[in-house]
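Everything below concerns the one structure shown next.
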Amino acid sequence: MQPKPLSTAPLRPAADATRLKELFSQNFTFIWRLLRRLGLDAETADDAAQQAFLIAAERLSDIRPGCERSFLYGTALRLFRDLRRAELRMVRDSGHDIASEQPNAEERIDHERALKWLDAALQGLEQDLREVFVLFELERLPTPQIAELLGIPVGTAASRLRRARTEFRALVARLSRPRKGGTT
């Protein structure tokens, strides 16, 4: 995934430009992967990640040094939730059945199949559990940093992680069972 350069953000002093460049180079991949793992397709995740950095560029003077990742995480999460709400509104308004849109497994290559399977398992988790699970298990962030990013106590983050792991195991078991009249 190659990030697109920011070109529309108005920058003031050279220090802001340097800070923004470092912010982008150190965090773009993390934010993009987070959005993908929360359930966005690659193109939408790319757009949402870019939007998060545009917002950061506009609010750069408001972001405390050392809190950049937390700011970007919160911004990306709000963008994700806004996109999901809009998507659900469109589906509800159109009367379209999401369940009928399952792609044909024979058309996927192994890697794409594995990613879709992981996405399906992650989508089965409640949003608050999915966030902690993704940050800990996939992004390898320590629990105290997760708690800081989410603005919750460390104990709450640990409790959500335990619940997420339990639910994820149950989802994996359910997804691994052979379907009636077919294969896994």
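The values are calculated or read from the model by the stated rules, or taken from the named source; none is laboratory data. Quantities reported herein were computed from a predicted structural model and do not represent experimental measurements. Note that each Cβ is placed from the backbone with ideal geometry, even for glycine, and that neighbours are counted across all protein chains shown. These area figures cover heavy atoms from the full protein model, side chains too; ligands, DNA and RNA do not enter into them. Shrake-Rupley method; radii C 1.70, N 1.55, O 1.52, S 1.80 Å.
Once you have the Cα-Cα distance between Glu58 and Glu22, take 0.36 nm times their residue separation minus that, and quote the gain in nm to one decimal.
Working: separation 36, 0.36 × 36 = 12.96 nm, distance 1.54 nm.
This chain segment gains 11.4 nm when fully extended.
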| remark: Under a 1.4 Å probe, counting only protein heavy atoms, Lys116 has an accessible area in Å², nearest 10, of 100 Å²
| Label point distance in nm, Thr156-Thr44, each placed 7 Å from Cα along Cα→Cβ | 2.7 nm
| field | Sites Arg169 and Asp82 - FRET efficiency at Förster radius 45 Å, r taken between beta-carbons, to 0.05 | value | 0.90
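Find how much the distance from Gln127 to Ser176 grows on full extension, using 0.36 nm per residue of separation minus their present alpha carbon separation; answer in nm with one decimal.
Stretched out fully, the Gln127 to Ser176 stretch lengthens by 15.4 nm.
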